[in-house]
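Participant: Take a look at this one; I'll ask things after.
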Amino acid sequence: MKKYLAFALLITLCSCNSDDDAMAPVEDPLVVAEFRTNLSELNLFVGDLNDLDITSRAFEYSPNTALFTDYAHKQRLVALPENTAMQYNGDGLPIFPENTVIAKTFYYNNDERNLSLGRIIIETRILIKINGNWETGNYKWNDDQTDATLDLNASTVPVTWINDQGETNSTVYKIPSDSQCFTCHRTNEEKRPIGLKLEALNFDVNGVNQIQQLVDNQLLTGVDFTNLNVIPNWDDSINYSLEERARVYFDINCAHCHTDGGYCESQSSLRLDYSTSLENTNIVERKNSIIFRVASDFEEGLTMPWIGTSMLHNEGVDLILEYLDTL
């Protein structure tokens, strides 16, 4: 027995004295901050692309209230250039370093009751900060789910899935064109991100505050926690009032257009930012119009939001109607 132990120890010692390079961990390749033909060329994921395993050079984030997109799931990530960090800029968007890459992947689980049955990935939307400006591009996934190709044109994908109640749902998912992306991702004719406002990230995920985690990982600098607000979760009726939930739902789903500098600035008097006082939103004055545009049977070009959806968000409509009934 001692002979075998000694032999095992010798093997261990030899292994420890082997070439340091062989023992060093393999680093993930650098993220490519440019629009290549295929999504795989950007190095945002490792392993099989359809596993959506994020590179160690990026981080995932979740907003407290998310935009509705035909009940699709979304994976959101940010890749900052090496040795850089975002800078605190109040409750809104942080200041991003040059060559930041933001990605959002949209997918459906085939059966919400059994995730082992797989999913269908529809598209990955990309924002890259290039020469101080944000550029957009959409990658449409192929039928084999092995890669996605840059496609700036609008297209549709029929999707069927089973929800957690065992009900079969179908929709014709709309992938927006690059110009349609600009409709929402704009302020005073400049493209910008939407969902990365720090107030929307200021909550715990798996027991850890997202903002604090970014600070601890040296990915965000200059944060003033004493003045950092939080956007409510529209679906949390325990901790937030009906008004708070409805107003934040308006903010996330509508305010990027219905705001000063937004696409609907001159077309509508509605100003739907969560921080805007109720009397300045014109929600009360436009109550009947809102009901007509969000609660009627879905009609393309009429129902709001009119980009990125092909069906009503029943839970969201119920929330809005309940809130408007109190005004």
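Participant: For Gly137, are the conditions met, namely being touching a Lys or Arg at 6+ places or on another chain (Cβ under 9 Å), assigned to a loop (DSSP other than H, G, I, E, B) and small (Gly, Ala, Ser)?
Facilitator: no
Participant: Can you tell me which residue within region 296-323, out of those that are more than 24 Å from the chain's Cα centre (by Cα) and over 26 Å from Cys181 (Cβ atoms), is modelled with the lowest pLDDT?
Facilitator: Per the stated criteria, the residue is Asp297.
Participant: Suppose we filter region 282-317 for residues that are open to solvent by less than 30 Å² (accessible area, probe 1.4 Å) and without any contact (Cβ under 8 Å) to a residue 24 or more places away in the chain; how many remain?
Facilitator: 2
Participant: What number of residues in region 226-252 are over 12 Å from Pro63 (Cβ atoms), of a type outside the set (D, E, K, R) and assigned to a helix (DSSP H, G or I)?
Facilitator: Qualifying residue count, region 226-252: 6.
Participant: Restricting attention to region 48-61, which residues are in contact with a helix residue (DSSP H, G or I) (Cβ under 7 Å, 6 or more places away or on another chain) and either open to solvent by 30 Å² or more (accessible area, probe 1.4 Å) or farther than 23 Å from Glu199 by Cβ (or both)?
Facilitator: Quick first cut of region 48-61, residues in contact with a helix residue (DSSP H, G or I) (Cβ under 7 Å, 6 or more places away or on another chain) only: 49, 61.
If the condition is that a residue be in contact with a helix residue (DSSP H, G or I) (Cβ under 7 Å, 6 or more places away or on another chain) and either open to solvent by 30 Å² or more (accessible area, probe 1.4 Å) or farther than 23 Å from Glu199 by Cβ (or both), then Leu49 is the only one that fits.
Participant: Right, here's the next one. Checking Ser241 against (1) open to solvent by 10 Å² or more (accessible area, probe 1.4 Å); (2) in contact with a helix residue (DSSP H, G or I) (Cβ under 9 Å, 6 or more places away or on another chain); (3) under 20 Å from Tyr323 (Cβ atoms); (4) at pLDDT 95 or above: exactly one of these is not met. Which one?
Facilitator: Against the list (1) open to solvent by 10 Å² or more (accessible area, probe 1.4 Å); (2) in contact with a helix residue (DSSP H, G or I) (Cβ under 9 Å, 6 or more places away or on another chain); (3) under 20 Å from Tyr323 (Cβ atoms); (4) at pLDDT 95 or above, Ser241 comes up short only on (2).
Participant: Same structure again: Are there any pairs, at least 6 apart or on different chains, whose C-beta atoms fall under 9 Å, with the first in region 171-187 and closer than 16 Å to Ile126 by Cβ and the second part of a helix (DSSP H, G or I), and if so, which?
Facilitator: Pro176/Thr183; Pro176/Cys184
Participant: Here is a list: Glu135, Glu82. Which entry is of a type in the set (D, E, K, R), open to solvent by 50 Å² or more (accessible area, probe 1.4 Å), more than 17 Å from the chain's Cα centre (by Cα) and within 21 Å of Pro193 (Cα to Cα)? Can you show your working first?
Facilitator: Working: Glu135 fails: more than 17 Å from the chain's Cα centre (by Cα).
Within the list Glu135, Glu82, the selection yields Glu82.
Participant: Just to verify a result, which residue in region 154-206, among those that are over 17 Å from Lys129 (Cα atoms), assigned to a strand (DSSP E or B) and hydroxyl-bearing (Ser, Thr, Tyr), is most open to solvent (accessible area, probe 1.4 Å)?
Facilitator: Checked region 154-206; the qualifying residue most open to solvent (accessible area, probe 1.4 Å) is Thr168.
Participant: Test Ile238 against the stated conditions and say whether it is in contact with a Gly (Cβ under 9 Å, 6 or more places away or on another chain) and not hydroxyl-bearing (Ser, Thr, Tyr).
Facilitator: Values: in contact with a Gly (Cβ under 9 Å, 6 or more places away or on another chain): no; not hydroxyl-bearing (Ser, Thr, Tyr): yes.
The answer is no for Ile238.
Participant: Can you name every residue in region 207-217 that is open to solvent by 40 Å² or more (accessible area, probe 1.4 Å) and either outside any helix (DSSP H, G or I) or touching a residue at least 24 places away in the same chain (Cβ under 8 Å) (or both)? Steps first, please.
Facilitator: Going through region 207-217, the residues open to solvent by 40 Å² or more (accessible area, probe 1.4 Å) turn out to be 207-208, 212-213, 215-217.
Correct list: Gly207, Val208, Asn217.
Participant: Would you mind telling me which numbered condition in (1) modelled with pLDDT under 90; (2) more than 20 Å from the chain's Cα centre (by Cα); (3) assigned to a loop (DSSP other than H, G, I, E, B) Thr326 fails?
Facilitator: Of (1) modelled with pLDDT under 90; (2) more than 20 Å from the chain's Cα centre (by Cα); (3) assigned to a loop (DSSP other than H, G, I, E, B), only one is false for Thr326: (1).
Participant: Within the group Asp147, Asp151, which residue is under 21 Å from Leu30 (Cα atoms) and either more than 16 Å from the chain's Cα centre (by Cα) or open to solvent by 60 Å² or more (accessible area, probe 1.4 Å) (or both)? Explain how you work it out, then say what you get.
Facilitator: Numbers: Asp151 fails: under 21 Å from Leu30 (Cα atoms).
On inspection, the qualifying residue turns out to be Asp147.
Participant: Being more than 16 Å from Phe182 (Cβ to Cβ), part of a strand (DSSP E or B) and of a type in the set (Val, Ile, Thr) is the filter; apply it to region 90-132 and report the residue that is most open to solvent (accessible area, probe 1.4 Å).
Facilitator: Selected residue: Ile95.
Participant: Follow-up question, since we're still on this one. One residue is enough: does region 269-287 have a residue meeting the conditions over 30 Å from Thr156 (Cα atoms) and touching a Pro at 6+ places or on another chain (Cβ under 9 Å)?
Facilitator: yes
Participant: Could you identify the single residue in Phe35, Phe45 that is open to solvent by 40 Å² or more (accessible area, probe 1.4 Å), modelled with pLDDT of 95 or more, farther than 26 Å from Glu199 by Cβ and of a type in the set (Phe, Trp, Tyr)? Working first, answer last.
Facilitator: Numbers: Phe45 fails: open to solvent by 40 Å² or more (accessible area, probe 1.4 Å).
The unique qualifying residue is Phe35.
Participant: Going through Thr221, Thr226, Thr259 one at a time, which residue ends up being more than 20 Å from the chain's Cα centre (by Cα) and surrounded by 18 or more Cβ atoms within 10 Å (Cβ to Cβ)? Explain how you work it out, then say what you get.
Facilitator: Working: Thr221 fails: surrounded by 18 or more Cβ atoms within 10 Å (Cβ to Cβ); Thr226 fails: surrounded by 18 or more Cβ atoms within 10 Å (Cβ to Cβ).
Going through Thr221, Thr226, Thr259 in turn, just one is more than 20 Å from the chain's Cα centre (by Cα) and surrounded by 18 or more Cβ atoms within 10 Å (Cβ to Cβ): Thr259.
The values are calculated or read from the model by the stated rules, or taken from the named source; none is laboratory data. Being a predicted model, the structure only gives us computed values, none of them experimental. For neighbour counting, all protein chains shown are included, and Cβ atoms are generated from backbone atoms with ideal geometry for every residue, glycine included. The accessibility values were calculated without ligands, DNA or RNA, using every heavy atom of the protein model including side chains. Shrake-Rupley method; radii C 1.70, N 1.55, O 1.52, S 1.80 Å.
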